[in-house]
Amino acid sequence: MRRWTTPVLQGLVLAGAALLIAVLPRFTSEFRLGQFTYVGIYFVALLGLNILTGYSGQITLGHAAFMAIGGYTAALLILGRSGFELLGQQASHVLPEHGMRAIFTIPIAGLVTGVIGCLFGIPALRLAGVSLALATLAVAVSLPAIAKRFEHLTGGGGGLSLPLPHAPFGWHLSTPHWLYYEAWVCAGILFVVAWLLVRGRVGRAWRAIRDGEVAAVSSGVSPAVYKTLAFGIAAAYAGVAGALFAIQVSYINPDTFPVTLSLLLLASVVIGGLASLSGVIVGAFVLEFLPIYAQSPPLVHLHFAKQAGPVVFGVTLMLIVLLIPGGAASLLGRVTRPVRAWASR
Amino acid sequence: MSPLLELRRVEARYGPIKALHGVSLTVADGEIVALLGANGAGKTTTLRAVSGTVRHTGEIVFEGKQIARGKPDAVARAGIAHVPEGRGLFTQLSVWENLRMGAYVRGERRTLRAEAPRVFKYFPWLERRRDQQAGTLSGGEQQMLALARALVGRPRLLMLDEPSLGLAPTVVQEIFRIVKELNADDGLTVLVVEQNANVALDAAARAYVLEVGQVAIEGQSAELRRHEGVRKSYLGY
Amino acid sequence: MAQQHGQTMRPAGLDDVQIAVANPARFDADEHLAFARSVDLDLFEAEASDLAQDDAAIQDWSPSKCIRTADGHIIPRPMALLAIEDVTRRFGGIVALADVSLAMEQGQIVGLIGPNGAGKTTLFNLVTRLYRPNDGRILFDGKDLTRTPAHRIARLGIARTFQNVVLFQHMTVLENVLVGAHARLRPFSERRGRKQAQYILDYLELGEFGRRLPGGLPFGTLKRVELARALAAKPTLLLLDEPAGGLNHEEVGDLAEVIRGLQHDLDLTILLVEHHMNLVMSVSDRVHVLNFGRKIAEGTPGEVQADPAVIEAYLGAERVAAA
């Protein structure tokens, strides 16, 4: 038994990934860097979604709605009442007088969204499968309308413009670099948190409920507690991703997080592999780059770009699901099997 | 006479684990053959290999023809009915709808009209309770429905996987009584996997004992009853 | 009730007490308290000294708490670890269990047999609180379980297996066992938990399967993995639903050894539902028989096997001929 090899190998892979992320900005243009920032943001959102759908087995079509809640929370805290006045709008009195530094709004957005997620998770306990998907879809569909209705808080359809972001504390970093590191540091921390959660008692409880609720209950797992917890954590992750997104684009309106984003997030989790954290990174890349490459060479001739985009995107999704039904994680598992067999020998 | 079913050096595996290491056996037309063996000896896998629900190497010949590999639907149409471990009923469907699914292999309506009375002769209670949801039947009734569903398709070969599992002794006796009757009246050929070796050897003319994925002992039921190893491991006297 | 006893005026007043105890269900506890105190001790000097010794018991007299021993002493009833009292459960119009009572003492192995659909699994589901009884109550270690949520049952010390095997298909055998330990595991005790789970697997000779998924394992092995998962909860009461499924005669013999080992080594109390009569009759201290949701017999394995009603409803003629 060589107990040390598996954790050491895992550590090496993680360290390598961290190093790659850290040095990447040296080798890419600022435009590319922005795209990699979005990958980091999607990575965070997908981690949460995979905890909810992959591990605890609850399907949601409303993940983008939680991102919107996180985004608006961050935007309101960044602006404050004074910010609203600068935009020439009447601000609600629930807001603080002065705006906060963008980076501090991220954890708050996560917390607020997490609490809302828990609250949503409680009535959702009574639903499963298709009914649950439908209920979450309802949230996703109605949220933009609600955002438009509460104009004094959300700026209505016109949305909220945020001050342009820049590196805080006088650090000498260009804005794209700063946003990149901000997103990926968040992603790194939340990856470790998710990994700690799913590898032990909590993760097992989630998977047990997913695979056989009756047996899980009789083993002492409370489905109510763990399903609600999964909703709360998934929402918190979405909240952080939403805040990062709002900060990255310095603007938010009811259509920033549309229903289609929820659907694409779910598709990306499946492509990455359900109940696998390593697959999530693949899902995040697909979510960012596939729509872009679906309407540009070499995949599509520019002449057809506009019409071909959605078609190429859809066909590619279908091919991925057909060819690797277990998602990228299963492919990864197959490729690394000899190494793992050696490590656990 | 050539046998109805013949397995020649059949091997099968689940992922990296080999379950069958070359099983050879024959089932003659009109015979009841029992398949005994310890937990994990490969009894269930043998039936699955025949019905095409697990991949195999080696030859499986049914009515003189190689059986279609990995095509359970083709195997069923060829006349082999498999009542799996756990029965595989459509629990949400009614008794009657389950029977209809059994008739599906030969064209539902016509087969059902012709075969249902014959099946109801053996299981009269099924007719009275044809609208009951299958999942609400007791374990014994479910096993009988699974048997009836297989019979409606008028198979040439019936494969039963542990029909006694989870059933009360009286019900086990009842089921094997019906199997014997079917064999005597209609000449139905049966290959049965069973842990209750007493009832199995009572019903079967011949039996095979599997050990670690291979046939270890074979012979007439009466011979096996005298075999010391069989008595110790399977009969308990 | 006390009045009635007064009218008969038989000298052996305590015999009435004994009768009362034998049929606890017919008596109200408060009435008993009144009756016990109304017995004129001086009239029966011989028994008076006995009663003085048992004064403590008399003070807290109720039929569920006291019994009279063969030599006439009234002593506190040894508390049953599990007491099912007049439990009824209906599903729609169907009565799955009607007024069933069953008591198990600490360390006993109790067999529960009966035809399919007699209500055995329903009883398991009531004890593990997957169902709630329509009537009656279930006491575990003196605590009423009627209002306990199902996921608390494991923490109280009750673990079970399932008739049709309910394992977590996408988790390894070892992880399945670890879920069984869920109620006991604290954060940061992962490593110890894994070690214990591996120990349980080794104890049940499942050690080699730890890293495998349940799919593709033989039925008898899956049944044993479920047993391992139940043991991981470190229960005091173990409910086994047909553990002998998929095993040949010899392996059933080994299983009997395992079950007796659990009783001796781990001091477990075991309720066993099984159709394999050799197993039930060889390991059980007592056997209860259900038929159509009612208890039709109870006794030692020998008594139950000889009971004509049990033979008629369950064992069948062949069995008698063979015996």
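The values are calculated or read from the model by the stated rules, or taken from the named source; none is laboratory data. Just so we're clear, the structure is a prediction, and the values are computed from it rather than from any experiment. Neighbour counts run over all protein chains shown; Cβ positions are idealised from the backbone, glycine included. Only protein heavy atoms, including side chains, enter the accessible area calculation; ligands, DNA and RNA are left aside. Shrake-Rupley method; radii C 1.70, N 1.55, O 1.52, S 1.80 Å.
Scanning the range C:168-186 for residues that are at the interface with chain A (Cβ under 7 Å from one of its Cβ atoms) and either within 26 Å of the chain's Cα centre (by Cα) or assigned to a loop (DSSP other than H, G, I, E, B) (or both) turns up C:Phe168, C:Gln169, C:His170, C:Met171, C:Leu178, C:Val179, C:Gly180, C:His182, C:Ala183, C:Leu185.
Within the range B:121-237, which strands (runs of 3 or more DSSP E) (wholly inside it) include 3 or more residues that are open to solvent by 10 Å² or more (accessible area, probe 1.4 Å) and either at pLDDT below 90 or under 30 Å from B:Gly22 (Cα atoms) (or both)? It comes to B:214-220.
Regarding the range A:263-273, can at least one residue be identified that is free of Cβ contacts under 8 Å to residues at least 12 places away in the same chain, surrounded by fewer than 23 Cβ atoms within 10 Å (Cβ to Cβ) and of a type outside the set (Phe, Trp, Tyr)? Within the range A:263-273, none of the residues are free of Cβ contacts under 8 Å to residues at least 12 places away in the same chain, surrounded by fewer than 23 Cβ atoms within 10 Å (Cβ to Cβ) and of a type outside the set (Phe, Trp, Tyr).
Of the residues A:Leu274, A:Leu229, which single one is at pLDDT below 90 and either within 14 Å of chain C (Cβ to nearest Cβ) or over 30 Å from A:Arg201 (Cα atoms) (or both)?
After ruling out the rest, the residue left standing is A:Leu274.
Residues of the range B:163-197 that are small (Gly, Ala, Ser) and away from chain C (no Cβ under 11 Å): B:Ala184, B:Gly187. The numbered conditions (1) modelled with pLDDT of 90 or more; (2) within 14 Å of chain B (Cβ to nearest Cβ) are all true for C:Thr300 except (2).
Here is the figure for the range C:149-167: residues that are within 7 Å of chain A (Cβ to nearest Cβ), in a helix (DSSP H, G or I) and open to solvent by 30 Å² or more (accessible area, probe 1.4 Å) total 2.
For A:Leu164, the conditions (1) in contact with a helix residue (DSSP H, G or I) (Cβ under 9 Å, 6 or more places away or on another chain); (2) open to solvent by less than 60 Å² (accessible area, probe 1.4 Å) are fulfilled apart from (2). You will find that of A:Phe257, A:Phe191, the residue that is in a helix (DSSP H, G or I) and away from every other protein chain (no Cβ under 14 Å) is A:Phe191 and no other. The residue pairs whose first member lies in the range B:109-125 and is small (Gly, Ala, Ser), whose second member is in a helix (DSSP H, G or I), and whose beta carbons are closer than 7 Å, counting only pairs six or more residues apart or on different chains, are B:Ala116/B:Leu99; B:Ala116/B:Val152. Any residue at all in the range C:218-235 that is surrounded by 16 or more Cβ atoms within 10 Å (Cβ to Cβ) and over 26 Å from the mean Cα position of the chain (by Cα)? Yes, the range C:218-235 contains a residue that is surrounded by 16 or more Cβ atoms within 10 Å (Cβ to Cβ) and over 26 Å from the mean Cα position of the chain (by Cα). State yes or no: is A:His98 at pLDDT below 85, closer than 21 Å to A:Glu151 by Cβ and not in a helix (DSSP H, G or I)? So A:His98 does not fit the description; no. Taking the numbered list (1) in a helix (DSSP H, G or I); (2) surrounded by fewer than 20 Cβ atoms within 10 Å (Cβ to Cβ) in turn, C:Gly215 passes all entries but (1). Any residue in the range C:239-246 that is crowded, with 16+ Cβ neighbours inside 10 Å, modelled with pLDDT under 90 and assigned by TED's automatic domain parsing to the domain that holds C:Arg90? For the range C:239-246, residues crowded, with 16+ Cβ neighbours inside 10 Å, modelled with pLDDT under 90 and assigned by TED's automatic domain parsing to the domain that holds C:Arg90: present.
In the set (1) more than 28 Å from B:Glu85 (Cα to Cα); (2) polar (S, T, N, Q); (3) part of a loop (DSSP other than H, G, I, E, B); (4) over 21 Å from the mean Cα position of the chain (by Cα), the condition left unmet by C:Thr146 is number (4). The set of residues in the range C:81-127 that are within 13 Å of chain B (Cβ to nearest Cβ) and either of a type in the set (Phe, Trp, Tyr) or assigned to a loop (DSSP other than H, G, I, E, B) (or both) comprises C:Phe91, C:Gly92, C:Gly93, C:Gly114, C:Pro115, C:Asn116, C:Gly117, C:Ala118, C:Gly119. Taking every residue in the range B:208-237 that is on the phi > 0 side of the Ramachandran plot and pairing it with any residue that is assigned to a helix (DSSP H, G or I), at least 6 positions away or on another chain, the pairs with Cβ-Cβ distances below 7 Å are B:Gly236/C:His249; B:Gly236/C:Asn278.
Scoring B:Ala200 on the criteria (1) within 9 Å of chain C (Cβ to nearest Cβ); (2) within 23 Å of B:Ala49 (Cβ to Cβ) leaves a single failure, condition (1). Do you know which residues across the range A:102-127 are over 22 Å from the mean Cα position of the chain (by Cα) and surrounded by 14 or more Cβ atoms within 10 Å (Cβ to Cβ)? Selection gives A:Leu125, A:Leu127.
A residue that is of a type in the set (Val, Ile, Thr), over 21 Å from B:Asn98 (Cα atoms) and under 16 Å from the mean Cα position of the chain (by Cα) can be found somewhere in the range B:170-187. One residue stands out among those in the range B:1-17 that are surrounded by 15 or more Cβ atoms within 10 Å (Cβ to Cβ) and assigned to a strand (DSSP E or B): the one that is nearest to the chain's Cα centre (by Cα), which is B:Leu5.
Exactly one residue among C:Glu251, C:Glu205 is open to solvent by 20 Å² or more (accessible area, probe 1.4 Å) and without any contact (Cβ under 8 Å) to a residue 24 or more places away in the chain, and that residue is C:Glu205. How about the range C:187-216: which of its residues are within 7 Å of chain A (Cβ to nearest Cβ) and among the polar types (S, T, N, Q)? Hits for the range C:187-216: nothing passes. Scan the range A:7-48 for residues that are closer than 30 Å to A:Leu61 by Cα and among the polar types (S, T, N, Q) and the total you get is 2. Quick one: would you say C:Asn278 is within 26 Å of B:Tyr234 (Cβ to Cβ), without any contact (Cβ under 8 Å) to a residue 12 or more places away in the chain and touching a helix residue (DSSP H, G or I) at 6+ places or on another chain (Cβ under 9 Å)? In short, no.
Within 22 Å of A:Arg126 (Cα to Cα), open to solvent by less than 10 Å² (accessible area, probe 1.4 Å) and not small (Gly, Ala, Ser), is that true of A:Arg210? When the stated conditions are applied, A:Arg210 does not pass them. In the range B:77-88, the residue that is nearest to the chain's Cα centre (by Cα) out of those that are in a loop (DSSP other than H, G, I, E, B) and under 16 Å from B:Ser164 (Cα atoms) is B:Pro84.
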